[in-house]
Every structure is written in C-alpha cells, then in structure tokens.
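Peer 1: Let me give you the structure first, and then I'll get to my questions.
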Amino acid sequence: MPIEFLRRRGKDGRDGGSKAPPPAPTPTNRLPEEVIAQDHQLRLSLSAKTSEGVRLTAGPEALGGMPAIVAAEAKSDVEVVPPREMDTGQASPAIIRTAEASAWLAAHGELSPITRHALYVLETVDAVDPAYETFACALLDGTTDPAGYPDFSAIVGGLAAHWDETTGDLIVRAVVGWGGRGARGDTDRTAARILASLFRGVVGSSGVLGLAEGGRPLGSGESGALVCQHCGFASAGLRAMYCPKCGMRMLRG
Ligand SMILES: [Zn+2]
C-alpha cells in the first residue's frame with residue numbers, strides 16, 4: 001500500500017506531505033514491546049529452638065522461679081508475659097490481618113521491643129502460644145538497634161510454661177528464637193548452647209517431677225470445645241481435667 005494514502009491532507013486541500021513539520025513523537029511511540037522487569041525481593045529468615053517440657057509440681061513458686069532461671073542467661077531485663085486475656089485464638093502478629101493484628105497489639109503493644117520481637121518470631125514459627133502459655137523473655141545474645149529492637153542475629157527467648165491438662169502440673173520449656181533480614185552462620189550453634197543452659201536451669205530447680213510426654217495442648221475456637229469457667233480458654237482436649245492457661249480444674253456442666 002502506498003504510504004501517500006496515510007498522509008493527512010492540508011486545510012486547503014493540498015497534500016501536507018513532506019512540507020509539513022514532522023509531528024512531535026509521543027511517548028506511546030517509544031514504548032517497547034518487551035517489559036523490562038525490576039526485581040524486588042525480601043527474604044526473611046525466622047528460626048527457633050525449643051526444649052522438651054519439664055514437669056514441675058504445681059504451685060505459685062514454680063511459675064515464680066522462671067525469671068531467675070532466664071536472668072542467668074539474659075543480657076536485658078527479664079519480662080514475664082502472662083497468657084493473653086480472653087484470647088479467642090485469633091490474635092496474631094500478621095499485620096495485614098488487621099483484626100488479628102489489632103488483638104495482638106492490644107495484648108502486647110506495651111511490652112518492650114525485645115519481648116515484642118521475641119513473640120513475633122516465636123509465634124510466627126509456632127514455638128510458643130501466648131493464648132495459654134506464660135512466657136519469661138529476655139535478650140539472650142547479640143545487640144539491639146538504637147530503638148531497642150534486636151538485630152537479626154540477636155537471640156531472644158527464655159522459658160514458656162503451661163499447666164498440664166491431665167495432672168495440673170506446670171510444664172516448662174526452654175524457648176529461643178532469632179531472625180529477620182539475614183542470617184549468621186554461628187547463630188544456630190549459640191542458640192543451641194543457650195537453650196541447653198536454660199534447660200539445665202529448669203531441670204535444676206526444685207519440684208522437678210520429670211520430663212513431660214506428649215505434645216502441647218491445642219486451643220479451639222469450635223463449639224463443643226471444653227471451656228474453662230475461670231479464664232474462658234477453650235481447650236481442644238475434651239478430656240482435659242485442668243485448664244492449660246490458668247491451671248484451675250475444668251468444671252463440667
Ligand atoms: Zn482457665
């Protein structure tokens with residue numbers, strides 16, 4: 001097809017042709033057909049180690065001894081986080097789940113940056129469940145930034161405790177976690193050493209009955225779950241005799 005056909009004609013009917021100034025190139029003329037992708041990526045690495053549970057005789061002195069055991073390994077003050085009040089199991093540190101994140105902030109927003117970082121790491125990898133566990137927490141290794149938040153190679157954690165659903169004994173686990181935007185080769189080994197020290201501290205405390213067999217209890221949002229009449233915790237363990245959150249005897253209707 002002759003290109004003349006596409007030329008605009010001038011107002012006076014003359015062929016505008018080659019005498020008209022060339023049209024300014026518009027941006028659309030320059031768009032390439034192939035997309036040039038700019039890559040963006042963030043790799044988060046969160047890790048934790050937990051020990052077996054140690055069974056301790058029930059009583060307030062068992063819970064009260066936890067901060068001193070953590071303090072022996074701590075590089076910061078030890079903060080004790082009681083189980084969340086009336087948690088329906090929905091609180092979560094996942095910020096885009098706004099209802100869950102709001103519940104999490106309402107429960108933990110006033111804690112220290114070290115403890116918030118620890119809960120974020122340890123809850124995200126399911127190493128602790130503050131819905132029913134009491135958590136004694138500190139900075140255990142490494143440093144914090146000027147705002148007080150642990151860096152990616154800092155190790156945080158301490159002891160987590162709940163009440164055995166069958167016997168009512170206190171079950172205490174050593175829990176350590178670390179991570180963020182990066183990783184360091186020796187962090188895993190350091191974490192294992194600190195976990196062992198915390199575990200020895202628990203085993204060496206008074207009232208030790210032995211190791212706890214079996215897994216951790218599960219919370220349940222389902223109807224028909226056994227609900228503690230003292231604290232409202234809904235247990236998925238329908239044969240539970242004791243509440244894992246408050247340690248009181250479960251009442252049956
Ligand atoms: Zn309870």
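The values are calculated or read from the model by the stated rules, or taken from the named source; none is laboratory data. Given the structure is predicted, the values throughout are model-derived calculations rather than measurements. Cβ placement follows ideal geometry from the backbone for every residue including glycine, while neighbour counts extend to all protein chains displayed. Only protein heavy atoms, including side chains, enter the accessible area calculation; ligands, DNA and RNA are left aside. Shrake-Rupley method; radii C 1.70, N 1.55, O 1.52, S 1.80 Å.
Peer 1: Given the criteria open to solvent by less than 70 Å² (accessible area, probe 1.4 Å), away from the ligand (no atom under 11 Å from the Cβ) and in a strand (DSSP E or B), does residue 210 qualify?
Peer 2: Yes: the conditions hold for residue 210.
Peer 1: Looking at residue 152 and the list (1) under 15 Å from the mean Cα position of the chain (by Cα); (2) under 27 Å from residue 170 (Cα atoms); (3) touching a residue at least 60 places away in the same chain (Cβ under 8 Å), which single condition is not satisfied?
Peer 2: Among (1) under 15 Å from the mean Cα position of the chain (by Cα); (2) under 27 Å from residue 170 (Cα atoms); (3) touching a residue at least 60 places away in the same chain (Cβ under 8 Å), the lone unmet condition for residue 152 is (2).
Peer 1: Here's something else I'd like to know. For segment 98-116, name all the residues that are aliphatic (A, V, I, L, M) and touching a Lys or Arg at 6+ places or on another chain (Cβ under 7 Å).
Peer 2: The one that is aliphatic (A, V, I, L, M) and touching a Lys or Arg at 6+ places or on another chain (Cβ under 7 Å): 107.
Peer 1: Within segment 65-88, restricting attention to residues that are assigned to a loop (DSSP other than H, G, I, E, B) and in contact with an Asp or Glu (Cβ under 9 Å, 6 or more places away or on another chain), which residue is least open to solvent (accessible area, probe 1.4 Å)?
Peer 2: Here the answer is 83.
Peer 1: All but one of (1) more than 12 Å from the ligand (Cβ to nearest atom); (2) touching a Gly at 6+ places or on another chain (Cβ under 9 Å); (3) modelled with pLDDT of 85 or more hold for residue 218, so report the exception by its number.
Peer 2: Every listed condition holds for residue 218 apart from (3).
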